[in-house]
Amino acid sequence: MQFRITTLLIITACFAALWLTPLPAQCETVQFVTEQFPPLAYTKNGKLEGYNIDLLKAVCKKMNVPSYNIRIQPFPRSIKHFNSRVPTCLFPIALTMNRRAKHRYAPSSASFQVGILTHKKYTKEFADKKKIHNSRISIGKSSSTVRILRRYGFSQKSFEYGTTLPCIVKKFAKGRTHLIAGDIASIKYNYKLVGGDPSDLVVLKKLSELQNGFIFNNAVSQNFVYAFQQTLSELINSKEGKRIYNKHFAFKKSKT
């Protein structure tokens with residue numbers, strides 16, 4: 001009887017130890033969610049491309065993560081996934097002070113240069129900078145730019161919302177508004193995709209520079225987050241990381 005009790009206690013202790021021991025990062029399945037945000041993340045001919053996409057693939061390879069899922073969808077829907085019990089990473093996202101305080105994150109070497117742009121044919125209209133505050137601005141409803149514009153004195157009535165960046169760029173290109181706000185490089189990139197000439201866009205005001213990166217929800221283990229942070233940090237400072245950066249941001253050096 002004593003032997004049976006001792007054996008049962010040993011088996012129970014073993015199961016408890018296995019259950020409490022965190023799984024290696026390689027064994028954890030994390031869902032990665034992104035929005036169409038060229039040149040950081042987008043689809044081209046049905047294939048995922050972009051700076052953050054290439055970073056993610058390289059990091060997972062170095063971490064020996066056998067499989068992972070990348071879901072592309074608008075950020076308003078992504079927030080629902082992020083606030084779930086499913087281990088989720090959201091990217092590319094501006095690492096604001098608020099997000100840094102609330103979430104675990106991993107920064108990349110790319111930054112969002114947030115500004116207000118117009119077409120060169122409208123520049124005379126905004127010669128008086130005060131008129132910027134009295135005009136409608138195309139802007140993403142869930143973007144960090146909304147909060148930045150409010151800090152600069154813009155009110156709710158100034159915003160012409162769109163669900164995604166390509167959506168607001170199309171609105172701007174069709175003349176729905178004469179102003180557009182957001183990441184300068186991404187706006188120019190999307191404007192080129194809809195048939196516009198990025199050299200026709202004029203930056204009226206630079207508002208802020210926000211570091212781009214990845215954030216993790218509470219369902220992702222600390223073990224995975226730490227491994228991801230370490231691997232990403234080493235990657236972006238390596239020759240491979242610099243090659244990935246130059247591959248997607250070389251267009252900044254061109255006339256467009």
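Bear in mind that the values in this text are calculations on the coordinates, not laboratory data. Quick caveat: nothing in here was measured; it's all calculated off a predicted structure. Glycine also receives a Cβ, built like all others from the backbone with ideal geometry; neighbour counts cover every protein chain displayed.
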Out of residues 5 or more away from residue 104 or on other chains, whose amide H comes under 5 Å of its own, with H placed 1.01 Å from N in the peptide plane? 216
First check a/c for the range 97-139, with a ≥ b ≥ c the square roots of the eigenvalues of its C-alpha gyration tensor; if it is under 1.5, answer rounded, and if not, answer prolate when a/b is larger than b/c or oblate otherwise. prolate
Which FRET efficiency, nearest 0.05, do residue 147 and residue 125 yield, Cβ-Cβ r, R0 25 Å? 0.45
Just to be sure I understand the model, the point goes 7 Å from the Cα along the line to the Cβ. What's the resulting residue 43 to residue 157 distance in nm? 4.0 nm
From phi via Karplus (6.51, -1.76, 1.60), per-residue ³J(HN,Hα) for the range 232-243 in Hz, x at Gly/Pro: 5, 4, 5, 5, 5, 9, 9, 4, 5, x, 5, 5
Which lysines, if any, have their Cα less than 16 Å from the Cα of residue 44, not counting same-chain residues under 8 positions apart? 192, 247
Grab the Cα-Cα distance for residue 249 and residue 83, subtract it from 0.36 nm times how many residues apart they are, and report the gain in nm with one decimal. 56.6 nm
Rounded to the nearest 5, what % of DSSP beta bridges with both residues in the chain are antiparallel? 65 percent
Here P(r) for the range 112-210, Cα-Cα distances in 5 Å bins, as whole percents, is 2, 15, 29, 28, 19, 6, 0
Label residue 62 and residue 29 with points 7 Å out from Cα along Cα→Cβ: what is the distance between them in nm? 2.6 nm
Kindly put 197, 54 in sequence by how many other C-beta atoms sit within 10 Å of each C-beta, fewest to most. 197, 54
So which trypsin sites (Lys or Arg not before Pro) in the range 174-255 are both in a DSSP loop and have at most 13 other Cβ atoms within 10 Å of their Cβ? 174, 255
